[in-house]
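**Q** The structure's right below; bear with me while I get my questions together.
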Ligand code: DQA
C-alpha cells in the first residue's frame with residue numbers, strides 16, 4: 001500500500017470563495033473529495049489543510065516516519081518559511097518524493113511570489129493548472145514509482 005499525504009497550507013480551505021479569478025470556483029470540499037476519491041488500487045490518499053506552520057511541519061515529519069509520498073501546496077509559506085523548507089528536506093532526503101503544487105502560476109503574479117524557498121528541496125514543482133495541478137502531481141508520483 002502506498003500512502004500519499006496531500007498537504008495544504010494557509011487559506012486553502014477558502015477555495016471557491018477566495019479570489020476566484022485567481023484560484024477558480026472549485027470549493028475546498030469539492031477538491032478534497034475529488035483527490036481522496038481518485039486513489040488507485042494499492043493507494044491511500046489523505047487530504048489535509050492547516051493554517052498552522054507547526055502542524056504542517058509535523059505532518060511532513062509524519063510522512064518521513066511512515067514512508068508516505070507527499071503532494072504539498074505550501075501556500076504563502078512557499079515564499080518565506082525556512083522551517084517548512086527544512087521539513088521538506090527531511091522527507092526528500094529520506095528518499096520520499098515531495099511534489100510542490102500551486103493552483104496559480106506564482107511566477108506570473110506579484111514579485112514576492114516569484115521566490116519559492118521550498119522548490120530547491122522538492123522533488124518537482126507543478127504550478128498554474130488550477131486545481132488540476134494536484135491531479136498532475138498525483139500522476140507525477142505514480143509515474144516515478
Ligand atoms: C498558492 C500561491 C501562493 O502564492 C499563495 O500564497 C497561496 C496559493 C497557489 O496555490 O497558487 O495561498 O500556493
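The values are calculated or read from the model by the stated rules, or taken from the named source; none is laboratory data. Everything quoted here is computed from the prediction, not taken from an experiment. Methodologically, a virtual Cβ is constructed for each residue, glycine included, from the backbone with ideal geometry; neighbour enumeration extends over all protein chains shown.
**Q** Only one residue in 45, 4 is touching a helix residue (DSSP H, G or I) at 6+ places or on another chain (Cβ under 6 Å), surrounded by 15 or more Cβ atoms within 10 Å (Cβ to Cβ) and not in a loop (DSSP other than H, G, I, E, B), so which one is that?
**A** Answer to the check: 45.
For (1) without any contact (Cβ under 8 Å) to a residue 60 or more places away in the chain; (2) crowded, with 21+ Cβ neighbours inside 10 Å; (3) within 21 Å of residue 27 (Cα to Cα), each residue gets a yes or a no:
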| site | (1), (2), (3) |
| --- | --- |
| 65 | yes, no, no |
| 70 | no, yes, no |
| 74 | no, yes, yes |
| 91 | yes, yes, no |
| 95 | yes, no, no |
| 99 | yes, yes, no |
| 105 | yes, no, yes |
| 110 | yes, no, no |
| 120 | yes, no, no |
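**Q** Does residue 18 qualify as being in a strand (DSSP E or B) and modelled with pLDDT of 95 or more?
**A** So residue 18 does not fit the description; no.
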